[in-house]
Amino acid sequence: MALVQVTNVVPMDNPTSFTNPFTFEITFESIQDLEEDLEWKLIYVGSAEDSRYDQLLVEVAVGPVPAGVSKFVLHANPPNPQLIPQNDVVGVTVILLCCSYRGREFVRVGYYVNNELPDRTNEDSSHLTGGGDLDLTDIDLKYVVRTILADKPRVTRFNIDWSPRNKFLHST
C-alpha cells in the first residue's frame, strides 16, 4: 500500500505566456511520518518524436513529511526554446510531474499542453514560410500562449517498496 497519495494538483497562472514559469499547487497525504524527503520533478516533453529533447525544468526535495495532509507550491522555469525543435515549439506537447521516494517513482501526473500563437489574420503574415509552416525565428515567444489542459490529467501510479533501505550489509 502506498504511504503517500497525491490528492490534488492545480496548475496556476493558466493559460499564460510560453515564457512564464510553471506554477503548481500540490496537495498530498501521507499515512505516516516519512523518514526521507519526497523528490518532485517537472519534465517538459520537447518533442514526441525524440526523448532527448525532454527538459528537466525543476527537481526539488520536499520534507520532512509528517503524517497527514501537506500542501506546497512548485515553481519551475519555462523550457528553453532553443532546446526544442522549431516545429515543436508551437502545438501540443506534454508535461510530466513525477514524485519519488528513496529514488523510486511512485506517481506521475501528465498534462497535455497547447502552445499556440494567437490568430493574427489582420496582421503581417511574415512568420509563415512559403509552405504555410510557422517560422518561429522572428516570433517573440512571449506572444505564444501556453495552456495546460488542467481538467484532463493522466495519473499513473507505480507500486514501490516503501520499507527502509538496509543501512548495513551483512557479510558472511
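Throughout, read-outs are computed from the coordinates displayed, never taken from laboratory work. Computed from a prediction, not measured in an experiment: that's the story for all the values here. Note that each Cβ is placed from the backbone with ideal geometry, even for glycine, and that neighbours are counted across all protein chains shown.
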Per-residue counts of other Cβ atoms within 10 Å, averaged by peptide: what ranking do you get for 73-79, 155-161, highest first?
73-79, 155-161
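What order, most packed first, do the peptides 142-149, 110-117 have when packing is the mean number of other Cβ atoms within 10 Å of each residue? Walk me through the intermediate numbers first.
Values: 142-149: 16.0, 110-117: 17.6.
Final packing ranking: 110-117, 142-149.
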Can you tally the net charge around Ser47? Count Lys and Arg as +1, Asp and Glu as -1, for every other residue whose Cβ sits under 9 Å from the Cβ of Ser47.
-3
Count charges around Val62 for me, please; just the other residues with Cβ under 9 Å from its Cβ, Lys/Arg as +1, Asp/Glu as -1.
-2
Just to confirm a number: summing +1 for Lys and Arg and -1 for Asp and Glu over residues other than Leu74 whose beta-carbon lies under 13 angstrom from that of Leu74, what do you get?
-2
For region 4-157, with the dipole built from +1 on Lys and Arg beta-carbon atoms and -1 on Asp and Glu ones, taken about the Cα centre, which of Val90, Phe22, Val65 lies farthest toward the positive end?
Val65
